[in-house]
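Asks: One structure, as structure tokens, below. Some questions next.
The values are calculated or read from the model by the stated rules, or taken from the named source; none is laboratory data. None of these values were measured; they are calculated from a predicted model. We place every Cβ from the backbone using ideal geometry, glycine too, and count neighbours over all the protein chains shown.
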Amino acid sequence: MTPSHPDAPSNPIATTEQHETERRALELFGHPRLVETREEIRDYWTKSLPRSDEMLACLDPAFEEVMFSAVVWSLNQDPLRPKVVTITRLPHRLGELRIPGSRWGLDNPDSVYRVIPIDGDERYVIRGQAPRHRMTENYFTLWDRDMATVDVLDGRRLELGADGAFEITVDRDPANGRPNHVRSTPEAHEFYIRDVLMDWKRERINRLSIERLGGAPGRPAPSLEEELELAARYMWKWARETDRWNAQPEGIPVNHFEFKIDRDTDGALRSQIYVLGHFRLASDDEALVLTVDLGGADYFVAPISNAWGTTLDIQNRTASLNRAQSQPNADGTITYVLSVRDPGVHNWLDPCGLHEGTLTLRWAEFAKDRPEGGPSVTSRVVPLAGLRDHLPAETAFVTPEMRRRQCEERAASYAWRLRED
């Protein structure tokens, strides 16, 4: 059954499968077995790496999100009963229930991340409906169990019907003329689907459903004990993987952004460039000035994360900015100011009170799928009082009222993702 028309007044994230998964995740989250596991992980995580008092102070909300994300993801791991599940969301309401957030892994606020479990010996069809306003970037990445890429279908190359509907076939056979085909392998484990929105006001995500072809499943659905065991494993994995990612740029000085993530592992896309680095400000009176060379990229985003791998107040504050949300310089570069106090600059990366954290810069959508003489970023820490001396002459400044409107518009343009209809 093809999902409903893209302009229907409903949220493509808020499917019946999503609601069922989140309700079940909430039930498991409160089970004594997982409560005990959470306490064990919390104790481990506060000691696993050196962390400042400031980072430890923001543990509680981040910890809940990372642990809940692990449970949500673990509940969609049966390739004989696949579902399309969004695995990175802000806290929201589902009827009378408070559903925790599920951000994890240095998430991108522009992205809606969905997963579908796959068995390389099975055949599937993914049915979808593209929105009227196509999103900036859309990839169907098929992973193995180690997040290494098996195959990728670029959403820009999807063949659509006149009404925007499409079907993607998934099996181990060659395409043999079939459009929208993803070839799986015995190692294939999971689709990781990124719908990336640069214009939050207008762009919308694809509607998706999945069907496994063939007969009835050859084994029963997971038992409660199996669900708890898998959820506990994912919870431990999420904490340890976050530590590993955070440790990757060790040896590079803070406030320098040079470490590139391997694009064939760690879930990174081959067609993107990721630069990961840590920032640190000594006081409220300092600012980090970053100038970004796009290198021919149509897409760029600069999100701030804490030491636990979650982004900050991305809906209500400028804790991330993408290319569409930023004012460019005359030469096409973009200059950002990261500071605890509002510098009055339009391109303010707001760390929400934090003096340290992580920036995971992303460039994508290159002509010919590769950069042109870049991209790059330069950075320097300067006194906030003398900030204007370090900014381009054409820098756009804002008044407090303009900042208020900027944040209000941002919040309103994000709000549809949290609707449950």
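Asks: Let me confirm something: among V112, V71, which residue is among the β-branched types (V, I, T) and in contact with an Asp or Glu (Cβ under 6 Å, 6 or more places away or on another chain)? I'd like the intermediate steps shown before the answer.
Replies: Working: V71 fails: in contact with an Asp or Glu (Cβ under 6 Å, 6 or more places away or on another chain).
Sole residue among the options that is among the β-branched types (V, I, T) and in contact with an Asp or Glu (Cβ under 6 Å, 6 or more places away or on another chain): V112.
Asks: Still on this structure: Which one of the conditions (1) over 13 Å from L228 (Cβ atoms); (2) touching a strand residue (DSSP E or B) at 6+ places or on another chain (Cβ under 9 Å) does L75 fail to meet, given that it meets all the rest?
Replies: (1)
Asks: Scan segment 395-412 and report the pairs whose first residue is touching a residue at least 24 places away in the same chain (Cβ under 8 Å) and whose second residue is surrounded by 15 or more Cβ atoms within 10 Å (Cβ to Cβ) and of a type in the set (S, T, Y), with Cβ atoms within less than 9 Å and a gap of 6+ or a chain change.
Replies: Partner pairs satisfying both residue conditions: T395/T335; R403/T318; Q406/T318; C407/T318; R410/T318.
Asks: Right, here's the next one. Within segment 18-45, which residues are in contact (Cβ under 8 Å) with a residue 24 or more places away in the chain and of a type in the set (V, I, T)?
Replies: Within segment 18-45, T21, T37, I41 meet the criteria.
Asks: If you take the residues in segment 213-266 that are within 23 Å of R145 (Cα to Cα) and among the aromatic types (F, W, Y), which one is surrounded by the most Cβ atoms within 10 Å (Cβ to Cβ)?
Replies: My answer is W238.
Asks: Looking at the structure I just gave you, is D43 under 30 Å from R178 (Cβ atoms) and exposed (fewer than 15 other Cβ atoms within 10 Å of the Cβ)?
Replies: Working: under 30 Å from R178 (Cβ atoms): no; exposed (fewer than 15 other Cβ atoms within 10 Å of the Cβ): yes.
So D43 fails the test.
Asks: Can I ask one more? Quick one: would you say E409 is among the charged types (D, E, K, R), at pLDDT 95 or above and surrounded by fewer than 17 Cβ atoms within 10 Å (Cβ to Cβ)?
Replies: Working: among the charged types (D, E, K, R): yes; at pLDDT 95 or above: yes; surrounded by fewer than 17 Cβ atoms within 10 Å (Cβ to Cβ): yes.
Against the criterion (among the charged types (D, E, K, R), at pLDDT 95 or above and surrounded by fewer than 17 Cβ atoms within 10 Å (Cβ to Cβ)), E409 qualifies.
Asks: Among the residues of segment 205-237, how many are in contact with a helix residue (DSSP H, G or I) (Cβ under 8 Å, 6 or more places away or on another chain) and either free of Cβ contacts under 8 Å to residues at least 40 places away in the same chain or not in a helix (DSSP H, G or I) (or both)? Working first, answer last.
Replies: Our first condition is that a residue be in contact with a helix residue (DSSP H, G or I) (Cβ under 8 Å, 6 or more places away or on another chain); within segment 205-237, this holds for 206, 222, 227-228, 230-237.
From what's left, either free of Cβ contacts under 8 Å to residues at least 40 places away in the same chain or not in a helix (DSSP H, G or I) (or both): 206, 222.
Qualifying residue count for the region: 2.
Asks: Hey, another quick one. Quick check: anything in segment 354-365 in a loop (DSSP other than H, G, I, E, B), at pLDDT 95 or above and in the same structural domain as A297 (by TED's automatic domain parsing)?
Replies: At the first step, the residues of segment 354-365 found to be in a loop (DSSP other than H, G, I, E, B) are 354-355.
Imposing the further condition that a residue be at pLDDT 95 or above reduces the set to 354-355.
Still in the running and in the same structural domain as A297 (by TED's automatic domain parsing): 354-355.
Scanning segment 354-365, I find at least one residue that is in a loop (DSSP other than H, G, I, E, B), at pLDDT 95 or above and in the same structural domain as A297 (by TED's automatic domain parsing), so the answer is yes.
Asks: Hey, another quick one. Just to check your reading of the model, which residue among R81, R24 is surrounded by fewer than 23 Cβ atoms within 10 Å (Cβ to Cβ), closer than 20 Å to I193 by Cβ, over 20 Å from the mean Cα position of the chain (by Cα) and basic (K, R)? Working first, answer last.
Replies: Values: R24 fails: closer than 20 Å to I193 by Cβ.
The match here is R81.
Asks: Would you point out which residue out of L294, L276 is surrounded by 14 or more Cβ atoms within 10 Å (Cβ to Cβ), in contact with a Ser or Thr (Cβ under 6 Å, 6 or more places away or on another chain) and at pLDDT below 95?
Replies: Details: L294 fails: in contact with a Ser or Thr (Cβ under 6 Å, 6 or more places away or on another chain).
The conditions single out L276.
Asks: Residues that are surrounded by fewer than 23 Cβ atoms within 10 Å (Cβ to Cβ) and under 30 Å from F63 (Cβ atoms): does segment 323-334 have at least one? Reasoning before the result, please.
Replies: Start the filter on segment 323-334 by keeping residues that are surrounded by fewer than 23 Cβ atoms within 10 Å (Cβ to Cβ), which leaves 323-334.
Next, from what is left, pick out any that are under 30 Å from F63 (Cβ atoms): 325.
Yes; the residues of segment 323-334 include at least one that is surrounded by fewer than 23 Cβ atoms within 10 Å (Cβ to Cβ) and under 30 Å from F63 (Cβ atoms).
Asks: Same structure again: Cβ-Cβ distance below 7 Å, separation of 6 or more or different chains: which pairs start in segment 139-150 with a residue that is farther than 19 Å from H181 by Cα and end on one that is modelled with pLDDT of 95 or more and part of a loop (DSSP other than H, G, I, E, B)?
Replies: Listed pairs, sorted by first residue: R145/H189.
Asks: Tell me, which residue of segment 151-173 that is without any contact (Cβ under 8 Å) to a residue 24 or more places away in the chain and within 23 Å of the chain's Cα centre (by Cα) is farthest from D121 (Cα to Cα)? Explain how you work it out, then say what you get.
Replies: First pass over segment 151-173, keeping only residues without any contact (Cβ under 8 Å) to a residue 24 or more places away in the chain: 156-157, 159, 161-162, 173.
Then keep just the ones that are within 23 Å of the chain's Cα centre (by Cα); that gives 156-157.
On the way: R156: 27, R157: 26 Å.
Among those residues, the one meeting the criterion is R156.
Asks: Go over the candidates L56, L49, L28 one by one and state the one that is within 22 Å of G105 (Cα to Cα) and either at pLDDT below 95 or not assigned by TED's automatic domain parsing to the domain that holds V115 (or both). Before the answer, list the steps.
Replies: Details: L56 fails: either at pLDDT below 95 or not assigned by TED's automatic domain parsing to the domain that holds V115 (or both); L28 fails: either at pLDDT below 95 or not assigned by TED's automatic domain parsing to the domain that holds V115 (or both).
The unique qualifying residue is L49.
Asks: Among the residues of segment 333-361 satisfying the criterion of being out of contact with any helix residue (DSSP H, G or I) (no Cβ under 8 Å at 6 or more places or on another chain) and polar (S, T, N, Q), which is farthest from D107 (Cα to Cα)?
Replies: Among those residues, the one meeting the criterion is T333.
Asks: So, one more: Has segment 316-324 got at least one residue that is in contact (Cβ under 8 Å) with a residue 40 or more places away in the chain and farther than 30 Å from L94 by Cα?
Replies: Looking for residues that are in contact (Cβ under 8 Å) with a residue 40 or more places away in the chain and farther than 30 Å from L94 by Cα, one finds at least one in segment 316-324, hence yes.
Asks: Can you give me the ranges of the strands (runs of 3 or more DSSP E) entirely in segment 271-330 with at least 3 residues that are of a type in the set (V, I, T) and closer than 21 Å to T378 by Cβ? Write out each step before concluding.
Replies: Numbers: elements: 273-280, 286-293, 297-305, 320-322.
Here the list reads 286-293.
Asks: Go through (1) at pLDDT 95 or above; (2) in contact with a His (Cβ under 8 Å, 6 or more places away or on another chain); (3) not aromatic (F, W, Y) one by one and return the number of the condition A385 breaks.
Replies: Unmet condition: (2).
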